[in-house]
Amino acid sequence: MGVLEAIRDVVVILVALAALAANIALIVLVLKLWGMVKALREEVSPVLGSLTHTSNTVRETTSLVGELVIGPLARAAGLANGFLTLVRALTTIGRGGRHRGDDRVR
C-alpha cells in the first residue's frame with residue numbers, strides 16, 4: 001500500500017467522522033428545538049388566555065364609557081347647539097334675518 005492510498009483512507013475516515021459529528025449535532029439541535037417549542041406552547045397558552053380576558057375587559061369598558069359618558073355628552077352638545085341655533089334665529093327675526101353687523105341688503 002502506498003502513501004497516497006494511506007492518506008486517502010485517513011481523509012475518508014476523517015470526512016466520515018465529521019459527517020457523523022454533524023449528524024449528531026443536528027439531532028441534538030432538533031431535540032432542543034422540539035423542547036423549546038413544547039415549552040413555548042406551555043408559556044404562550046396562559047398569556048393568550050390573559051390577553052383574551054384583557055381585550056374583553058377593554059371592550060366592555062369602552063362600551064360602558066360610550067353609553068354612560070360619550071352618549072350623554074353628545075346629546076347635551078346636540079341640545080346646546082340646537083338651543084344656540086334657536087337663539088340666533090329668534091334674535092335675527094327683528095332684523096329681518098340679518099346678523100349683527102351685517103349691513104348687506106338681501
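No value in this document is a laboratory result; all are computed from the given coordinates. On a predicted model such as this, the values are computed, not experimentally measured, just so you know.
Values as computed for the structure displayed
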| item | result |
| --- | --- |
| Principal-axis tilt of helix 71-93 within the chain, Cα atoms, nearest 10 degrees | 30 |
| P(r) of the stretch 2-85 over all Cα-Cα pairs, binned every 5 Å from zero, in whole percent | 3, 11, 7, 8, 7, 6, 7, 6, 6, 5, 5, 5, 5, 4, 4, 3, 3, 2, 2, 1, 1, 1, 0 |
